[in-house]
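The values are calculated or read from the model by the stated rules, or taken from the named source; none is laboratory data. None of these values were measured; they are calculated from a predicted model. Don't worry about glycine lacking a Cβ; one is built from the backbone with ideal geometry, like all the others, and counts go over all protein chains shown. Just so you know, the surface numbers come from the protein's heavy atoms only, side chains and all, with ligands and any DNA or RNA stripped out. Shrake-Rupley method; radii C 1.70, N 1.55, O 1.52, S 1.80 Å.
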Amino acid sequence: DVSPVVAGLIGATVLVVSVSVTVFVWTCCHQQAEKKHKTPPYKFIHMLKGISIYPETLSNKKKINRIRRDKAAGAPKETGRGNLLVDAAGSGLSHPEKAPDGPSAAPRVDQLPIKIDYGDELSPDQSLTPGGSKTSSPSSPGDDVMLGELTFSVDYNFPKKALVVTIQEAHGLPVMDEHTQSSDPYIKMTILPDKRHRVKTRVLRKTLDPVFDETFTFYGIPYSQLQDLVLHFLVLSFDRFSRDDVIGEVMVPLAGVDPSTGKVQLSREILKRNIQKCVSRGELQVSLSYQPVAQRMTVVVLKARHLPKMDITGLSDPYVKVNVYYGRKRIAKKKTHVKKCTLNPVFNESFIYDIPGDLLPDISIEFLVIDFDRTTKNEVVGRLILGAHSVTAAGVDHWREVCESPRKAVAKWHSLSEY
């Protein structure tokens, strides 16, 4: 003898449990079915002489390093990482006249009252020093110098809708290192016009005839769109102590290439890079003000406009990374929040840095506009440098106005340069 109320509660409980179990089972089955037909979570697969190498952000770095030791001996080694935090009072920067090295001694980098991350120093191809400050060697490529020839192949995988590009070898490269009378070449490849896929080969040491034999497979490219794409190969020579030397470039429109019947073997002459081909990277508005009493620099990232399209949707997910350099050492880094699906983001985020006034002539502030990507490596959209290493007249004027007008916030628009 069960009361109607109890019977109703029991029936309702059984019904809820049954529906929940059914929904759970259906969801699991649906996810399994999606996994079978879903495209891989990466944009490309890298094949090095028959060995699959996935992008570093999606795989174990130790595994990649082990493959490189076996297959590409002589690749650049990773430097160790370490952090150093020096107190302002202990370093003597608050009172320069009391510095242990005497009143006329210049402040050292390791005395800066800001956290230094030595593991995040500039990589050779990301040097803060502008290319104009580097003395070019007599053997730098010119109009009358042969830059060599690049050999590669193009294929298309119809079942997987994938473009397969194999960078095979290069011949007759010019000498970029006058000490060794050789070069350390590697190649960066980009698919234009969207620049959604950017890859690069390993560095081969001391050779003018490198054999790369590296295959890059790009998924999600319909065969009907191949005629609108252009392969851009940038040939560079690695430099451990400065910006990598640009040897030349190769532009290959796929409109004249038909890989439908099989692999197409191609050889192209390496030409001098045409800087005018670089598209606009957009503009960034920033505000700077310096408080001489507090010895603080306030940096405000206001907004950006006309950023290039970086995603398949035709938009971007930008954020700004702010790096502060003393000389060529990075002494501070901060970043804004990510603004989703926009080419004209508004940030309005401020950062404060403790910088002694006597160090301002050697300080540079770098702004990197970066496109956030959840599945692959984030991509740099554009770059702006203000301070000691400004490479544009607008950047020099902005920094001079900030230094000459203390306590005044100076906001200006700047065109972003290619990273």
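When Pro318, Pro292 are screened for being modelled with pLDDT of 90 or more and under 30 Å from Ile221 (Cα atoms), only Pro318 passes. So Asp194 ticks every box in (1) surrounded by fewer than 17 Cβ atoms within 10 Å (Cβ to Cβ); (2) among the acidic types (Asp, Glu); (3) more than 30 Å from Lys309 (Cβ to Cβ) but one. Which box is left unticked? Asp194 satisfies every listed condition except (3).
Remark: pairs (first residue in the stretch 201-226, assigned to a loop (DSSP other than H, G, I, E, B); second residue surrounded by fewer than 17 Cβ atoms within 10 Å (Cβ to Cβ) and of a type in the set (Asp, Glu); Cβ separation under 9 Å; 6+ apart in sequence or on different chains) = Lys206/Asp177; Asp209/Glu169; Pro210/Glu169. Within the stretch 242-289, the set of residues being among the hydroxyl-bearing types (Ser, Thr, Tyr) and at pLDDT below 85 comprises Ser242, Ser260, Thr261, Ser280.
His337 meets the stated requirement of being in a loop (DSSP other than H, G, I, E, B) and at pLDDT 90 or above.
Residue-wise test of (1) crowded, with 18+ Cβ neighbours inside 10 Å; (2) among the β-branched types (Val, Ile, Thr); (3) modelled with pLDDT of 90 or more; (4) assigned to a strand (DSSP E or B).
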residue: Asn344; (1), (2), (3), (4): no, no, yes, no
residue: Glu349; (1), (2), (3), (4): no, no, yes, yes
residue: Thr376; (1), (2), (3), (4): no, yes, no, no
residue: Val381; (1), (2), (3), (4): yes, yes, no, yes
residue: Lys408; (1), (2), (3), (4): no, no, yes, no
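Evaluate the following for Ser289: is it part of a strand (DSSP E or B) and more than 26 Å from Glu366 (Cβ to Cβ)? In short, no. Only one of the numbered conditions (1) without any contact (Cβ under 8 Å) to a residue 60 or more places away in the chain; (2) more than 25 Å from Val246 (Cα to Cα); (3) within 20 Å of the chain's Cα centre (by Cα); (4) in a strand (DSSP E or B) is violated by Ile370, and that is (2). The set of residues from the stretch 347-367 being within 23 Å of the chain's Cα centre (by Cα) and of a type outside the set (S, T, N, Q) comprises Phe347, Glu349, Phe351, Ile363, Ile365, Glu366, Phe367.
For the stretch 227-261, a residue qualifies if it is open to solvent by 60 Å² or more (accessible area, probe 1.4 Å) and in a strand (DSSP E or B), and the qualifying residues are Met251, Pro253. Counting the residues of the stretch 351-363 that are within 14 Å of Val286 (Cα to Cα) and open to solvent by less than 10 Å² (accessible area, probe 1.4 Å) gives 0.
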